[in-house]
């Protein structure tokens, strides 16, 4: 199976890449802020994909796309997940991949049930398979590259800093 795998960070990429599928990591994350955070995560993704011999695709970073998607603050996270997964599904379909998936399924900061539901919706919409890995290595100890402490968006950063300094 040839998968386009939306990748949010290097840590989650290692937790979900299984070696059985032909994977291309797709680093589409207009939600990541500030730009220095985006660059740190991208550098880590580049390091891991090079070491693991995983192909990498990096579209332009356009934060405006994220802020447009999350204007309605009530569904901010869901809208962000949908934005990134829809873009991944659309890209996978147009580039001839067998399916698509996301490393968000491995993240401790995300709601995997909602993400799977969005993935299935995008699979139906774009007529492409949504791949859910058989195993996610949640307890995988990773090191040697930048690791973040929040999901990536400015709202999550604020929440983590408030927790830390209260």
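The values are calculated or read from the model by the stated rules, or taken from the named source; none is laboratory data. As the structure is a prediction and not an experimental result, all values here were calculated from the model. In this analysis, Cβ positions are derived from the backbone assuming ideal geometry, glycine residues included, and neighbour counts consider all displayed protein chains.
Suppose the filter is surrounded by 18 or more Cβ atoms within 10 Å (Cβ to Cβ), closer than 14 Å to residue 130 by Cβ and either over 15 Å from the mean Cα position of the chain (by Cα) or without any contact (Cβ under 8 Å) to a residue 12 or more places away in the chain (or both); does residue 93 pass it? Walk me through it before giving the result.
Details: surrounded by 18 or more Cβ atoms within 10 Å (Cβ to Cβ): yes; closer than 14 Å to residue 130 by Cβ: yes; either over 15 Å from the mean Cα position of the chain (by Cα) or without any contact (Cβ under 8 Å) to a residue 12 or more places away in the chain (or both): yes.
Yes, satisfied.
Residue under question is residue 69, and the condition is that it be at pLDDT 95 or above and in contact with a helix residue (DSSP H, G or I) (Cβ under 8 Å, 6 or more places away or on another chain); does it hold?
No; evaluated as a whole, the condition is false for this residue.
When only residues in the range 44-56 that are in contact with a helix residue (DSSP H, G or I) (Cβ under 9 Å, 6 or more places away or on another chain) and assigned to a helix (DSSP H, G or I) count, which is nearest to residue 114 (Cα to Cα)?
The extreme case among them is 45.
If you scan the range 57-72, which residues turn out to be in a helix (DSSP H, G or I) and exposed (fewer than 11 other Cβ atoms within 10 Å of the Cβ)?
64
Among the residues of the range 61-84, are any over 20 Å from residue 153 (Cβ atoms) and touching a strand residue (DSSP E or B) at 6+ places or on another chain (Cβ under 8 Å)?
No, the conditions are met nowhere in the range 61-84.
Tally the residues that are in contact with a helix residue (DSSP H, G or I) (Cβ under 8 Å, 6 or more places away or on another chain), over 12 Å from residue 133 (Cβ atoms) and either buried (at least 17 other Cβ atoms within 10 Å of the Cβ) or modelled with pLDDT under 95 (or both), restricting the search to the range 105-114.
4
Quick check: is even one residue across the range 134-157 assigned to a loop (DSSP other than H, G, I, E, B), modelled with pLDDT of 95 or more and surrounded by 13 or more Cβ atoms within 10 Å (Cβ to Cβ)?
Pass one, the range 134-157, residues assigned to a loop (DSSP other than H, G, I, E, B): 134-153.
If we keep only those that are modelled with pLDDT of 95 or more as well, we get none.
Taking every residue of the range 134-157 in turn, none turns out to be assigned to a loop (DSSP other than H, G, I, E, B), modelled with pLDDT of 95 or more and surrounded by 13 or more Cβ atoms within 10 Å (Cβ to Cβ).
For the range 8-24, which positions are without any contact (Cβ under 8 Å) to a residue 40 or more places away in the chain and touching a helix residue (DSSP H, G or I) at 6+ places or on another chain (Cβ under 8 Å)?
17
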